[in-house]
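**Student:** The structure under discussion is supplied below as structure tokens; questions concerning it will follow.
Throughout, read-outs are computed from the coordinates displayed, never taken from laboratory work. Keep in mind the model is a prediction, meaning the values are calculated, not measured. All Cβ positions, glycine included, derive from the backbone under ideal geometry; neighbour counts span all protein chains shown.
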Amino acid sequence: MDLHVKVLRKKQEAEGIASFELGRADGKPLPAFSAGSHIDVHVPGGLVRQYSLCNDTSNSSVYRIAVLRDAASRGGSVAMHDKVHEGDEITISEPRNHFTLVHAVRTILFAGGIGITPLLSMAQRLAAVGADFELHYCNRSRPRTAFFDEIAASPFADKVHYHFDDGPQEQKLQLAHVIPPVDAQTHIYTCGPAGFIQHVTGWAKGYGWPSAQVHVEYFAAAVVDTSEDKAFDVQIASSGKRYTVGAKETVIQVLAANGIDVLTSCEQGVCGTCITRVLEGECDHRDMYFTDDEKAKNDQFTPCCSRAKSALLVLDL
């Protein structure tokens, strides 16, 4: 269900980063959310983008998001910075959580740049329940570090370690000293640019950490080489109708052209909104949502970006 909210506050949090506090104009509570949740934001210009909630989960009067202005993006971040102002009313979705904080004896959080947003909410929650955790916050420089002063004044300030690209060598992130040997009682979470996430997960995997204990959230999909893409067919199980997906088309586009609507949001295989069950065929997974184990099951895929390795996919539609 969509929610109509008012921008109660817009604040410059760091170089190139603005936060937005959203609330009901009448001051009534918003739906509750859990740490790691995100919302869809209907951005001026007809775009829909996903942003993580970065405020304390105990505060249901507002949702806070933070947006990095990225001139190389598809337009959402620029529109948020330039066209959304205090007092404006915008439409958002209710919170959804695909990056759930699970109970663990110990938790290690790795934030890369704007990836701090869901992890800040997690840190607030972990601190509130007295959990054992540490947060490693990596960024290019101090001026580009959002929520620095807020974190410094928080009750968990001593659990946060900063790593700046332009800082002394001794303060830079050394994963060999931070990621411990595999421990069934510890969980790792990371969010940020794809390269940063792959750096952290690569080290964890090298140490033998199981994927079930390493949790990730991507903000954008990795670049995929599509030069050798070929056409394939999809069949709708309920009707038996069969459609061809061309080399330059997505499954979502072909379905929509034939009157079959599948709910989508990010269109990059990041958010999981369009997940569709696959009854037959072999998927060519190109999303950043499913784990390797989930992809291996071959029973669902993201039709916004993923394709087929087989000549036919039968979809549970």
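**Student:** Name the long-range amide H neighbours of Ala308: under 5 Å, sequence gap of 5 or more, or other chain; modelled H, no Pro or chain starts.
**Tutor:** Asp284
**Student:** So how much slack lies between Tyr162 and Ala296, counting 0.36 nm per residue of separation and subtracting their Cα-Cα distance, in nm?
**Tutor:** On the way: separation 134, 0.36 × 134 = 48.24 nm, distance 3.65 nm.
Roughly 44.6 nm would be gained on extension.
**Student:** Using only the alpha carbons of region 147-236, determine the length spanned along each of the three principal axes and report them from longest to shortest in whole angstroms.
**Tutor:** Largest to smallest, the principal-axis extents are 56, 31, 29 Å.
**Student:** Continuing with the same structure: What is the set of long-range amide H partners of Phe219 at a cut-off below 5 Å, with H atoms built 1.01 Å from backbone N?
**Tutor:** Close amide H contacts, sequence-distant or interchain: Gly192.
**Student:** Give the Rg (one decimal place) followed by the Dmax (whole number) of region 232-315, computed from C-alpha coordinates and expressed in Å.
**Tutor:** For region 232-315, the Cα radius of gyration and maximum Cα-Cα distance read 11.6, 33 Å.
**Student:** May I ask you to compute the full-extension gain from Ser238 to Val224, defined as 0.36 nm times their residue separation minus their alpha-carbon distance, rounded to one decimal in nm? Provide the component values of the computation, followed by the final result.
**Tutor:** On the way: separation 14, 0.36 × 14 = 5.04 nm, distance 3.16 nm.
Separation in residues times 0.36 nm, less the Cα-Cα distance, equals 1.9 nm.
**Student:** Go ahead and run the numbers for FRET between Glu282 and Val182, Cβ-Cβ distance against an R0 of 30 Å, rounding to 0.05. Show your work: numbers first, answer last.
**Tutor:** Details: r = 32 Å, r/R0 = 1.06.
So, using R0 = 30 Å, E works out to roughly 0.40.
**Student:** Follow-up question, since we're still on this one. Putting +1 on Lys and Arg Cβ atoms and -1 on Asp and Glu Cβ atoms, find which of Pro29, Thr273, Ile260 reaches farthest to the positive end of the dipole of the chain.
**Tutor:** Most positive-ward Cα: Pro29.
**Student:** Still on this structure, I have one more. Can you work out D for region 262-304 in µm² s⁻¹ from Stokes-Einstein, where Rh is the Kirkwood radius over C-alpha pairs, the temperature is 4 °C and the viscosity is 1.567 mPa s?
**Tutor:** On the way: Rh = 10.4 Å.
Taking Rh from Cα pairs, D becomes 125 µm²/s.
**Student:** Rounded, prolate or oblate: which fits region 20-100, taking a ≥ b ≥ c as square roots of the Cα gyration tensor eigenvalues, rounded meaning a/c under 1.5, else prolate when a/b beats b/c? Let's see the in-between values first.
**Tutor:** Working: a/c = 2.07, a/b = 1.37, b/c = 1.51.
Cα axes put region 20-100 in the oblate bin.
**Student:** For a quick check: with amide H placed at 1.01 Å from N, whose amide H comes under 5 Å from Gln300's, ignoring anything fewer than 5 positions away on the same chain?
**Tutor:** Correct list: Val278.
**Student:** Out of Glu15, Glu170, Glu134, any idea which swings most in a Gaussian network model of the chain, alpha carbons joined below 10 Å?
**Tutor:** Between Glu15, Glu170, Glu134, it is Glu170 that shows the largest mean-square fluctuation.
**Student:** Still on this structure: As an exercise, use a Förster radius of 30 Å and the Cβ-Cβ distance of Asp70 and Asp149 to find the FRET efficiency, rounded to the nearest 0.05. Before the final figure, lay out each step's value.
**Tutor:** Details: r = 23 Å, r/R0 = 0.78.
Efficiency at R0 = 30 Å is approximately 0.80.
**Student:** Would you mind telling me which residue in Ile275, Ile260, Ile188 has the biggest mean-square fluctuation in a Gaussian network model of the chain, where springs connect alpha carbons within a distance under 10 angstrom?
**Tutor:** Result: Ile260 has the largest fluctuation of those listed.
**Student:** Report the Rg/Rh value for the chain, based on alpha-carbon coordinates and the Kirkwood definition of Rh.
**Tutor:** 0.98
**Student:** In addition: Taking θ = phi - 60°, what integer Hz values does the Karplus form 6.51 cos²θ - 1.76 cosθ + 1.60 yield along region 39-44, in sequence order, with x for Gly and Pro?
**Tutor:** Computed from phi, the couplings for region 39-44 are 10, 8, 10, 7, 8, x Hz.
**Student:** For region 153-164, in order, what is each residue's ³J(HN,Hα) by Karplus, 6.51 cos²θ - 1.76 cosθ + 1.60 with θ = phi - 60°, in whole Hz (x at glycine and Pro)?
**Tutor:** 8, 7, x, 10, 4, 6, 9, 9, 10, 9, 9, 9
**Student:** How high is the FRET efficiency between Ala231 and Ala256 when r is their beta carbon distance and R₀ equals 25 Å, given to the nearest 0.05?
**Tutor:** Numbers: r = 17 Å, r/R0 = 0.69.
Once rounded, the FRET efficiency stands at 0.90.
**Student:** Which residue, Ser61, Ser306, Ser73, tops the fluctuation ranking in a GNM of the chain built on C-alpha contacts under 10 Å?
**Tutor:** Highest fluctuation of the listed residues: Ser73.
**Student:** Roughly how tilted is helix 116-128, in degrees to the nearest 10 and between 0 and 90, from the longest Cα axis of the chain?
**Tutor:** Between the helix axis and the principal axis of the chain, the angle is about 60 degrees.
**Student:** Using each residue's phi in region 77-87, evaluate 6.51 cos²θ - 1.76 cosθ + 1.60 at θ = phi - 60° and report the 3J(HN,Hα) Karplus result to the nearest Hz, with x for Gly and Pro.
**Tutor:** Values, residue by residue: 5, 5, 5, 4, 6, 8, 10, 10, 10, 4, x Hz.
**Student:** How far is the Cα center of region 244-317 from the Cα center of region 44-103, in Å?
**Tutor:** Region 244-317 and region 44-103 have Cα centres spaced 25 Å from each other.
**Student:** Run the numbers for Asp2 and Thr91: contour at 0.36 nm per residue of separation, minus the present Cα-Cα distance, in nm.
**Tutor:** Working: separation 89, 0.36 × 89 = 32.04 nm, distance 0.65 nm.
Taking 0.36 nm per residue and subtracting the Cα distance, the gain is 31.4 nm.
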